[in-house]
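Taking it in order: structure first as structure tokens, then the write-up.
All of the numbers you see were taken from the coordinates with simple rules; none came from a lab. Please read all numbers here as calculations on a predicted model, not as lab measurements. Using ideal geometry, Cβ is built from the backbone for each residue, glycine included, and neighbour counts are taken over all protein chains shown.
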Amino acid sequence: MLRFLLLLFLLVSGVNIYAAPKLIVVFVVDQLRRDRVTEELPGALGKLSREGRVFVDADLDHGITTTCSGHAVILTGMSPGRAGIPGNTYTDHESFETRYCVDDNNNAYRELGGHGNRSPRNLKVSTFGDWLKSHYPNSRVYSVGGKDRAAITMGGHNADGVYWYNRFTGRFTSSGYYTASLPEYIERFNGIDPLLDGHLKSVPETWEHPEGSYREDDYPGESDEIGRVSGHPLAQGDEEDIYWQVYRSPVIDTQTIALAKLIRDHKKLGEGPEPDLLIITLSATDTVGHLYGPRSAESEDTLKNIDTMLDGFIIDLETNLGIGNVLVTLVADHGVAELPEYRTEHAINTCPKKGRIPIWHFLLGINWDVYWRYTFPFDLPDNLIKLSASDISLSRKYIAENGLNYDEVVETLDKILSEKSIIKEAWTRKEIREGKTEIARLLKNSQTDDKSSDIVFQLHRDCILTVDEGTTHGSVYDYDRDIPMIFYGWGVTPGKISGKAHSVDIAPTLARHIGIQMPYGLEGKPLDLTEQMTGSNN
């Protein structure tokens with residue numbers, strides 16, 4: 001009788017008595033540096049910082065800091081190179097075509113209502129969701145996000161549902177890889193017309209926000225794509241304009257969270273006999289951050305919206321499932337560089353060219369050198385090379401057909417790049433593979449044998465290549481690699497933990513914490529979530 005009364009008391013109190021959490025929720029906030037998540041925030045981000053287990057030195061353990069690769073490591077426990085996702089795009093070594101990280105040649109995997117094919121085909125490893133379903137056959141795994149590449153690489157191969165926002169149609173969608181058609185409740189969410197009877201019907205005409213706390217609203221270097229001051233257009237223009245404006249505003253996160261809640265409620269996640277997994281990837285911090293930078297009024301308002309929305313979401317989960325029965329992880333896929341103009345104003349810009357370099361001017365110079373050396377007079381330089389903002393890929397076919405020597409071309413390009421004042425170092429595949437420095441190790445973790453470029457160029461700190469205004473990410477520097485990493489809820493002992501901790505550690509940490517088997521040979525290491533201490537994780 002006493003035992004029964006004790007169990008009843010624990011249940012009423014909401015104290016965890018289960019062998020596993022009812023629901024595991026992973027929040028990934030795109031382009032969120034860890035210095036932006038503080039205890040002072042009034043909503044969920046502040047609560048997690050105060051009551052969660054915070055790994056205060058967390059960062060990325062790879063060197064090419066892009067969205068697709070950043071998401072791919074979180075629930076695989078593998079570096080981007082081992083996972084098969086070196087970046088958002090890659091150059092196919094055989095066809096010399098630029099490929100998207102989650103595209104697929106199989107037309108059966110067409111995006112529903114879209115134009116391309118989407119699947120996790122390029123993801124060469126399993127995910128935490130796969131491990132969970134292997135251990136608990138009745139577990140369900142759902143992933144929803146603002147970007148296809150985020151939702152897919154997190155959901156992995158065997159998810160029960162993976163959904164993302166299509167910025168050309170205004171609808172949340174999936175692909176034939178996961179389902180032949182959208183569930184009826186998601187069709188209702190989208191509506192026949194998203195703007196008239198769907199999830200966007202209440203979108204205001206403009207996005208209004210207060211002045212920021214770091215600088216004035218209208219600041220040099222910010223993009224004017226959707227205006228530089230409060231009153232940014234939302235429900236203005238034609239349909240595609242509106243869908244695109246939604247994608248570049250906090251509204252995309254609001255709608256992503258709304259759909260995640262709908263999925264949770266409709267599928268009764270966390271109410272089954274075994275633990276479920278819900279993955280939510282939020283994109284507005286990235287789409288807004290690229291336009292305005294991390295210290296803008298727009299970015300502050302975007303983070304405030306996340307703070308508020310996640311607060312309500314977590315409260316709802318704990319109300320329905322019981323406090324202590326939900327295991328939450330919060331992390332980011334990468335950080336971001338400041339606007340060069342902001343660094344210059346504060347006399348901390350170390351780039352030789354004061355930070356902002358027009359990418360087309362830079363690429364034109366490289367192409368001109370290649371043309372005169374290798375493709376003059378009848379061929380264009382892009383027959384031989386493909387250039388991006390951080391690397392160069394070579395056409396094996398062109399080299400073979402024109403009697404060129406691969407090693408000689410690589411050596412020449414290495415020299416051309418190294419002479420550019422904004423480039424700190426150019427890295428060939430061999431130099432990355434054989435390098436002994438920390439930078440070489442980080443870049444090696446981003447390399448795949450079949451997809452990676454032939455040369456990676458490392459810009460000087462604070463230098464960015466941009467098409468227009470705004471900012472970017474992708475470098476090896478701390479501002480692009482430092483991320484928040486917090487665990488909260490089921491079985492987690494709060495505390496601030498210093499020392500090594502990486503996003504690649506999250507999947508093995510979750511697996512060990514809930515007691516399920518993980519694959520052999522993971523690159524990530526399980527972190528302790530229960531030891532009562534404030535100190536080092538080394």
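Here the 3J(HN,Hα) profile of the range 92-109, calculated from phi with Karplus coefficients 6.51, -1.76 and 1.60 at θ = phi - 60°, is 5, 5, 8, 8, 6, 8, 7, 10, 8, 5, 10, 7, 7, 6, 7, 5, 5, 9 Hz, Gly and Pro shown as x. Near Gly161, the amide H atoms lying under 5 Å from its own belong to Val141, Ser143; only residues 5 or more places off or on other chains count, and H is placed 1.01 Å from N. Rounded if a/c is under 1.5, else prolate if a/b beats b/c, else oblate: with a ≥ b ≥ c from the C-alpha gyration tensor eigenvalues square-rooted, which is the range 438-488? The shape class here is oblate. Proximity of backbone amide H atoms, modeled 1.01 Å from N, is registered between Asn325 and no other residue at under 5 Å, excluding neighbours fewer than 5 places apart on the same chain. Extension gain, Lys397 to Ser421: 0.36 nm times the residue separation minus the Cα-Cα distance gives 5.5 nm.
Classify the range 61-113: rounded, prolate or oblate, from the alpha-carbon gyration tensor (a ≥ b ≥ c, eigenvalue square roots; a/c under 1.5 rounded; otherwise prolate if a/b is larger than b/c)? It is oblate, given that a/c is not under 1.5 and a/b is not larger than b/c.
Magnitude of the charge dipole for the chain, about its Cα centre and with charges confined to Cβ atoms of Lys, Arg (+1) and Asp, Glu (-1), is about 1740 debye. Cα convex hull, the range 351-391: 75 Å³ per residue, rounded to a whole number. For Val410, the shell of other residues with beta-carbons less than 15 Å away shows a net charge of -3, using +1 for Lys and Arg and -1 for Asp and Glu. Relative contact order of the chain, taken over Cα pairs closer than 8 Å and 6 or more residues apart, is 28 percent.
Once the Cβ-Cβ distance of Val467 and Thr319 is raised to the sixth power relative to R0 = 35 Å, the FRET efficiency obtained is 0.15.
Using equal-weight Cα scatterers in the Debye expression, the normalised intensity of the range 295-373 in log10 at q = 0.15, 0.17 Å⁻¹ is -0.80, -0.88. Each residue of the range 158-170 was assigned a 3J(HN,Hα) from its phi angle through the Karplus curve 6.51 cos²θ - 1.76 cosθ + 1.60 (θ = phi - 60°); the sequence is 10, 5, 6, x, 9, 9, 8, 8, 9, 6, 9, 10, x Hz, with glycine and proline shown as x. For the range 410-504, the set of trypsin sites (Lys or Arg not before Pro) satisfying both a DSSP loop assignment and a count of at most 13 other C-beta atoms within 10 Å is given as Lys436.
Taking 7 Å steps out from each Cα toward its Cβ at Glu240 and Tyr520 produces label points 5.2 nm apart. Residues in the range 475-487 carry Karplus couplings, in order, of 7, 8, 7, 4, 5, 9, 9, 6, 9, x, 8, 9, 10 Hz; the curve used is 6.51 cos²θ - 1.76 cosθ + 1.60 with θ = phi - 60°, and Gly or Pro positions show x. Excluding residues on the same chain fewer than 8 positions from Lys47, give the aspartates and glutamates whose Cα lies under 14 Å from its Cα. Within the straight-line cut-off, Lys47 pairs with Glu39, Asp307, Asp311, Glu318. Extension gain, Asp382 to Glu211: 0.36 nm times the residue separation minus the Cα-Cα distance gives 57.1 nm. Under the rule a/c < 1.5 gives rounded, and otherwise a/b versus b/c splits prolate from oblate, where does the range 329-437 land using the Cα gyration tensor? It is prolate, given that a/c is not under 1.5 and a/b is the larger ratio. With a Förster radius of 60 Å applied to the C-beta separation of Leu364 and Glu39, the computed FRET efficiency comes to 0.80. Each of Thr89, His266, Gly116 was scored by the projection of its Cα onto the charge dipole of the chain, and the greatest displacement toward the positive side belongs to His266; charges sit on the C-beta of Lys, Arg, Asp and Glu. Our note on the geometry: Cα centres of the range 340-416 and the range 88-120, 25 Å apart. For Ser175, the amide hydrogen comes within under 5 Å of the amide hydrogens of Leu112, counting only partners 5 or more places away or on other chains and with H modelled in the peptide plane.
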